[in-house]
Amino acid sequence: MSDMTESDHETIDEDKRDFVHIASGMMALGGAGAIGWMFVDQMNPAADTQAASSLEVDVSKVAEGGEIRVLIGGKPFFVRHRTAAEILSAQTTDVTKFPDPETDEERLRTLPDGSFNPAILVTSGSCTHLGCVPVGPGNNTGDYGGWYCPCHGSHYDTSGRIRKGPAPKNLPVPDYEYVSASVIRISL
Amino acid sequence: MSDHKSTYNPKSGFEKWMDRRLPLMRLAHDSFVDFPTPKNLNYWYTFGGILSFCLLTQILTGVVLAMHYTPSTDIAFASVERIMRDVPFGWLIRYIHANGASMFFLAVYIHMFRGLYYGSYKEPREVLWVLGCVIFLLMIATAFLGYMLPWGQMSFHGANVITGLFGAIPIVGEPIQTWLLGGPSIGNQTLQRFFSLHYLLPFMIAGVVILHIWALHVPGNSNPAGIDVKDVKKDTVPFHPYYTVKDGFAIVVFMILFSVVVFYFPAALGHTDNYIEANPLVTPAHIVPEWYMLPFYAILRAITFDLGPIDAKLLGVIAMFGAIALLFVLPWLDTSKVRSMRYRPTARYFFLGFVICGLTLGWCGAKNPDDALPFMTLSADQLVVDYTDVNGNPAQRFFDDYELAKQALEDQPASASATLGVKKGDAIRFIHLAQFMTLYYFAYFLLIVPALGLMERPKDEPDSIHKSVLKGKAKAPAPDGVAAE
């Protein structure tokens, strides 16, 4: 036996050893990566969290001149029933000089019959500056009658467009659609 | 020190039996009893022991609090209130834990400034310093995670702002943010993972502390004279009883300060907003982190300008993390071979400037950046009426008096869509101070420290530690028979 070992030592196949080392190393690395991915991916949104990422809202329940605030997956959204005067001021102002120019109609979605309902405005409820929640009808609507963010003084108009203050963008219009004339579905 | 021969002498049969199998007693004896320690360490060197005490306190009180706390958005806030009101001594344990975090950071900042002043990070202690920076980073993470758990308004919206920082990273930012939160925003799943990690990280800190002490015991302690031990017999004393007693005394003094805070000012360092349960629909008017994060928060907010393709928000995040990252590479930025600033006449003034810089950044972080500094208002605020003139161009009129401004507002026709606002007067504001101090912070590490080592002419260092101890006492009889210089 000892003789055989001696002779084996004399004829070590380095290439073969390298191959075995690299192959087994790669195998172990692949296994570690696969099991590691399981531990990384478990932190992503779970199925029930993802399933809760859309909500149907009956907009006919929102009183004129008022708004409701809904949370979808913890994110705030405003659904506002605008008065005739608020709609008028949102539609007639010249938008070209705004920090983030957008017409009022660009910020609305069509009803199932293809027409617009300018009375209902749906926007995100996070200030585009640092994510605070602006205050709206019933409190302080700011200089432009829309929303006012108390954190750093951003003023939004009745179309949710930024008019004054540090916020760089308009309140984003979320992904939503009218499933009937009075019900909208907001998705994240 | 690693070349120090073990002096452990097992006496009983059991000790001898054990020493051949697991020489734990030998390790403890060589590390904390007969470990040769420079004889000139002052009280700034006791903060390592104080920090061990802090870590132990936090782990002990934390484990107990976890027995009563419930990480669920429905009852987390109530379970903390239950700890405060119903659990026997719950109020005391929670106040020790909450204020213990502040005491921990107070001690770690002093410990770090001591290391900076006496050059403890320099060759051959670079790894020791880097491990310390790792501990500091883990402490910040642990404190941030723990602050979320009471589920108050500041917990929720503070965490919202900080996790939102990751959203500033281009392309991968938002997926990372969603991954951290486990959903589109902070929810129950976020609270649960924060609780789990808040429990885990202190044990990781404890692990790195062991490495930190190991890396300390290879080259041995640095010391205020900044020179190496040359003669173990003359330059050092055994750790026990000399430094066990000195550290013990310092810990007792520290515990007195700790107790004063816990028993007399337990809520002084907190925010009242955090006693309102978290509400995603209402944001507190003024979001501020805990005091120990304020300097870094000030750096984050000081960046209000874009730099090339990098926008201000991302640049602020880079600056904030960069401020911590610089600490890691400090041993390779410092070109001076002289460790202790006692013998660096110029560097010590820049170091003083750095201490002031750190404190000032903390002050800026606590204040509204747009507020004027005390006595720095140059002109008063004015009322301003914005309107559209007859030609359709935007125009402004300024007023000092509210009645006049209101009159002017009402005089404009509706088509002018006039609004009333405030134009802030000229002043030197906190944002300006924060920007200046941020500049100094980065200049200190990137310009001053590397340049000083090359340009400064240091004073003569003492020949040895025992001579530096006896210096100035030349006329007193040398206690150990060593001739004074």
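The numbers here are math on the coordinates, done by the rules we state, and not lab data. Small disclaimer: the values here were computed from a predicted structure and weren't measured. Glycine gets a Cβ as well: all are built from the backbone with ideal geometry, and neighbour counts include every protein chain shown.
Observations, loosely collected:
- Taken as Cα centroids, the range B:111-148 and the range B:313-330 sit 15 Å apart, rounded to the nearest whole angstrom.
- The range A:125-144 versus the range B:179-224: alpha-carbon centroid distance in Å: 38
- Cα-centred dipole magnitude for the range B:1-139, charges only on beta-carbon of K, R (+1) and D, E (-1), debye, nearest 20: 360
- Using the alpha carbons alone, the radius of gyration of chain B stands to its Kirkwood radius in an Rg to Rh ratio of 1.06.
- Lys/Arg +1, Asp/Glu -1 at C-beta; the range B:83-190 dipole; positive extreme among B:PHE136, B:TRP151, B:ILE83: B:ILE83
- FRET E, pair A:GLN50, B:PHE203, Förster distance 25 Å, beta-carbon r, rounded to 0.05: 0.15
- Dipole of the protein assembly as shown [Lys/Arg +1, Asp/Glu -1 at C-beta], most positive-end residue of B:LEU294, B:MET204, B:LEU257: B:LEU257
- According to the Cα-based calculation, Rg over Rh for the range B:295-405 is 1.20, with Rh computed by the Kirkwood formula.
- At an R0 of 35 angstrom, the distance between the Cβ atoms of B:PHE398 and A:SER187 translates into a FRET efficiency of 0.15.
- Rounded to the nearest 500, the 222 nm mean residue ellipticity of chain B from helices alone is -18000 deg cm²/dmol, with -39,500 (n - 2.57) taken per DSSP H run of at least 4 residues.
- For B:SER336, the shell of other residues with beta-carbons less than 9 Å away shows a net charge of +2, using +1 for Lys and Arg and -1 for Asp and Glu.
- Over the range A:49-187, the reciprocal of the mean inverse Cα-Cα separation, the Kirkwood hydrodynamic radius, stands at 15.0 Å.
- Tally of Lys pairs whose C-alpha atoms are under 27 Å apart, taken over the range A:49-187, 8 or more apart or cross-chain: 5
- Value of D in µm² per second that Stokes-Einstein yields for the protein assembly as shown, Kirkwood Rh from Cα pairs, at 25 °C (0.890 mPa s): 81
- Within the range A:159-188: backbone nitrogen closer than 17 Å to the A:SER115 label point (7 Å, Cα to C-beta): A:178-183
- Overall form of the range B:247-355 per C-alpha gyration tensor (a/c, 1.5; a/b vs b/c): oblate
- Applying a length cut-off of 24 Å (Cα extent along the axis) and a mean Kyte-Doolittle floor of 0.5 to the DSSP H helices of chain B leaves B:47-66, B:90-117, B:126-148, B:188-217, B:239-264, B:312-333, B:347-366.
- Remark: spin-label model distance B:TRP179-B:ASP34 equals 5.2 nm, labels positioned 7 Å along the Cα→Cβ axis.
- Efficiency of FRET between B:HIS286 and B:VAL252 - r from beta-carbon atoms, R0 22 angstrom, step 0.05: 0.05
- The range A:108-153 - Rg (one decimal) and Dmax (whole number), Cα, Å: 13.4, 41
- Between the range B:344-416 and the range B:232-282, the Cα center-to-center distance that results, in Å: 40
- Under 28 Å from B:LYS459, Cα to Cα: lysines that are on another chain or at least 8 residues apart: B:LYS39, B:LYS122, B:LYS230, B:LYS233, B:LYS234, B:LYS337, B:LYS467, B:LYS471, B:LYS473, B:LYS475
- Top positive-direction residue, dipole computed over the protein assembly as shown with Cβ charges, set A:VAL59, B:LEU22, A:PHE77: B:LEU22
- The radius of gyration of the Cα set in the range B:382-423, together with its Dmax, comes out at 9.5, 27 angstrom.
- Residue-wise HN-Hα couplings along the range B:453-458, as the Karplus relation 6.51 cos²θ - 1.76 cosθ + 1.60 with θ = phi - 60° gives them from phi, are x, 8, 9, 6, 9, x Hz; Gly and Pro carry x.
- Cα gyration tensor, the range B:125-255 - rounded (a/c under 1.5), prolate or oblate: prolate
- For chain A, the longest principal axis of the alpha carbon atoms and the long axis of helix A:14-41 meet at an angle near 30°.
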